[in-house]
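Inspection log for the structure reproduced underneath, given as structure tokens.
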Number of protein chains: 2
Amino acid sequence: MELKQPATVTLAEVAEAAGVGESTVSRVLRNHGSFSGKTRERVMAAVERLGYVPNRIAGTLASTGSRLVAFVIPSLSNIVFPDVLRGASAVLEENRYQAVFSVTDYDPGKEEALAAAMLAWRPAAVMLAGYEHTDGSVKMLRASGCRIVELLDLDGDALDIAVGFSNRAAGRESAAFLLKRGYRRIGYVGHDLNRDTRAGKRFSSFCETLETGGAPLVAREILAGASSVENGRLGLERLLARARGLDAVYFSNDDMALGGYFHCLAEGIAIPSKLAIFGYNGLDIGRAMPQPLSTIRTPRVATGQIAAQLVVANAPPQAVDLGFELIEGATA
Amino acid sequence: MELKQPATVTLAEVAEAAGVGESTVSRVLRNHGSFSGKTRERVMAAVERLGYVPNRIAGTLASTGSRLVAFVIPSLSNIVFPDVLRGASAVLEENRYQAVFSVTDYDPGKEEALAAAMLAWRPAAVMLAGYEHTDGSVKMLRASGCRIVELLDLDGDALDIAVGFSNRAAGRESAAFLLKRGYRRIGYVGHDLNRDTRAGKRFSSFCETLETGGAPLVAREILAGASSVENGRLGLERLLARARGLDAVYFSNDDMALGGYFHCLAEGIAIPSKLAIFGYNGLDIGRAMPQPLSTIRTPRVATGQIAAQLVVANAPPQAVDLGFELIEGATA
DNA sequence: ATGAAAGCGCTAACAG
DNA sequence: CTGTTAGCGCTTTCAT
């Protein structure tokens, strides 16, 4: 049935086989412009028979804009980014856009290099995390003419489109919640803040709010590696060994908080009576814990969706605040 | 300093500015062919001055092969796939390849449609999960002439390259381990097996091994949704409500197992004396639990790395077995 | 060592 | 409604 094709059927061959001109085939395939039903059938039959797969490389070059959307993300380990990609990819697929990605490891220099490589594909948009980019990146992105979307942060000036929420507000509300609950000796366990600037913003506004509330941060433990359950457990262990009498700990992320929770379980530290725990992200896992995790739920998937929708619609420059939700939980 | 560029500097303009021919610029930029040091400097200066970013769409069209690698993955929620992407993307970036992806939601029909869309970009390779593809997908992929890599499964015949491990062996070893430990009344909690065929393979060989061992599966609870901590908790709750006297439960994944663990914690069921728990994947989280999770650690990141390396090297067709590691843990 | 010219496969006017 | 004709921006012979 299926003959071995010469590996690459072109539009010209389809046109020839269907007995029509190339542009007609092009019109039919893109369902754009006008053509008769009969022509359409002939073309589709030829496409089918020859097993023709359009070459979008050629198509993109010939037309103006590409349907590539480039994601330059810090990490794939931090669940935040797969979630954003998930939201975006669903929308992009519906609109026949293709997602391209690369991973910076939270390194701005690498971000610049990868953004440059991405730009070479002339994408319709480049999606980046947050506002902290090198001057070189900014200049290059601005000059590229493609849409720029900054994700998951709203504390800064957007280059073009921004979608997310305020990390500063999240830090503030977390602190306010703990104060309201009556905790006064509060500590912090986090991962590398210089790299994850959004976590850094949460932390600094968290601290400010505590000070304003008259209960400044008692102690902190910053771990070198990435956010992880193991680091959370280790971090809390170290923090408690150093700082006595803490009544609550704020974690940079839910996975860190879960690690802290495990530490308490293992050590028999009663939660929240002896020690309260507060996280960030609102992962599903927090809901399934014996005591639901007190945390802030962030709209990660929605961030991706909205960002993709704005790009597809070629919306004007804007900053979209998706907000977040504080979940009281049972650990604080 | 930076003048507003006409949005799109071309190689021809660089050539003009440098006072050389287009092909010379092309040679210098790709560092291929011969040219004098002086020429090189002139070209690079022009590139710098004009802020030229090569157009890889045009480059790819003009040359033969593209440096795009397409991933058609079932999900981004299941951590397995971000892990694979992570391993692959590091290798691809080093070799100046670009990763493109789309998500099938475990739907073979959607896989076919997305694979077709991917092929339109004429990628160097298409990476897919496992062996279960529609006839249409297989025919199309075969005809495409690009490399095909099937990931995370080795129980079947590879189309071209396969990288992963045997899910059947994993199921078998899990069962053998539980039997060796003396468990005889064993249950199973899993997510949708028709969609996740790899989980299905583990489950069926798990059951076979139990039967051979004279302790056939006592009960199972299959949840409709995706693998998640909440489903694991719910699943175990339901299973225990129906089946009395179980002494061990095998979960389709570590997150499901963690949910089961949480259920036991909440209900005061002693682990492993009253009930043993066994997972699959070897997530970091399992190591941080108060009792390390008994599970099988799979080489997810390595799968991505090796797959990418084989593609970059244009290696001959082959199946690479990366194996897996049984972690005894403390929950079984 | 370097330039000229011919495409790569398609889209986009422009005529008919 | 449909065919012809130029390119899109680059790589690649092939001369020079």
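Key figures
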| quantity | calculated |
| --- | --- |
| Cut-off of 10 Å, at most 10 other beta carbons, DSSP loop: longest stretch of chain A lacking such trypsin sites (Lys or Arg not before Pro) | A:5-243 |
| Exposure proxy ranking, count of Cβ atoms within 10 Å, fewest first, for B:Ser294, A:Ser34 | A:Ser34, B:Ser294 |
| Label spacing, shortest first and in nm, from B:Met44 to its equivalents in the remaining copies (7 angstrom along Cα→Cβ) | 5.6 |
| Label-point separation, B:Glu48 to A:Ala319 (7 Å along Cα→Cβ), nm | 3.6 |
| With Cα atoms, 0 to 90° folded angle of helix B:254-267 axis to chain B main axis | 40 |
| Net dipole in debye of the range A:155-242 [+1 Lys, Arg Cβ; -1 Asp, Glu Cβ; about Cα centre; nearest 20] | 460 |
| Calculated label separations, B:Thr134, copies of the chain, 7 Å along the beta-carbon direction, nm | 4.5 |
| Added length on full extension, which subtracts the Cα-Cα distance from 0.36 nm per residue, B:Ser34 to B:Ser63 | 8.6 nm |
| Residue-count net charge about B:Thr10 - beta-carbon cut-off 11 Å; Lys, Arg +1, Asp, Glu -1 | -3 |
| Extended-chain gain in nm, criterion 0.36 nm per residue less alpha-carbon gap, A:Asn194 and A:Ala266 | 22.8 nm |
| Chain A shape via C-alpha gyration tensor axes, a/c threshold 1.5 | prolate |
| Globularity ratio of the range A:159-315, using Cα Rg and 2.2 N^0.38 Å | 1.07 |
| For the protein assembly as shown, diffusion coefficient by Stokes-Einstein and Kirkwood Rh (Cα), 25 °C, 0.890 mPa s, µm²/s | 91 |
| Over the range A:79-186, relative contact order from alpha-carbon pairs under 8 Å, at least 6 apart, % | 15 |
| Helix-only CD estimate at 222 nm, as mean residue ellipticity for chain B, using -39500 (n - 2.57) per DSSP H run (n ≥ 4) | -14000 deg cm²/dmol |
| Using alpha-carbon coordinates, inclination of helix A:229-242 to the longest axis of chain A, degrees | 20 |
| Cα-based shape type of the range B:1-147, given that a ≥ b ≥ c are square roots of the gyration tensor eigenvalues and the cut on a/c is 1.5 | prolate |
| For the range A:222-304, Kirkwood radius (reciprocal of mean inverse C-alpha pair distance, Å) | 12.9 |
| Radius 11 Å from Cβ of A:Gly187, net charge of other residues (Lys, Arg +1; Asp, Glu -1) | +3 |
| Normalised contact order of the range B:159-283, rounded percent, pairs of Cα under 8 Å and 6 or more residues apart | 26 |
| Relative contact order of the range A:231-332, defined on C-alpha pairs under 8 angstrom at six or more residues apart (%) | 27 |
| Anisotropy class of the range B:187-268 from Cα gyration tensor, a/c 1.5 cut | oblate |
| Radius, Kirkwood style, for the range B:40-97 when every pair of distinct Cα atoms is counted (Å) | 14.4 |
| Approximate spin-label separation B:Arg244-A:Thr10, in nm, with each point projected 7 Å along Cα-to-Cβ | 7.7 |
| Of A:Lys274/B:Lys180; A:Lys110/A:Lys201; A:Lys139/B:Lys110; A:Lys201/B:Lys110, pairs whose Cα-Cα distance is over 31 Å | A:Lys274/B:Lys180; A:Lys139/B:Lys110; A:Lys201/B:Lys110 |
| Inter-part distance where the range A:299-332 and the range B:102-125 are each reduced to a Cα centre, Å | 27 |
| Cβ-Cβ FRET estimate between B:Glu22 and A:Asp157, R0 fixed at 25 Å, reported to 0.05 | 0.05 |
| Among B:Val103, B:Gly130, B:Ala120 the positive-end extreme of the charge dipole of the range B:103-144 (Cβ point charges) | B:Ala120 |
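Values in this text are rule-based calculations from the coordinates and carry no lab data. Everything quoted here is computed from the prediction, not taken from an experiment. Reconstructed Cβ throughout: ideal geometry from the backbone, glycine too, with neighbour counts over all protein chains shown.
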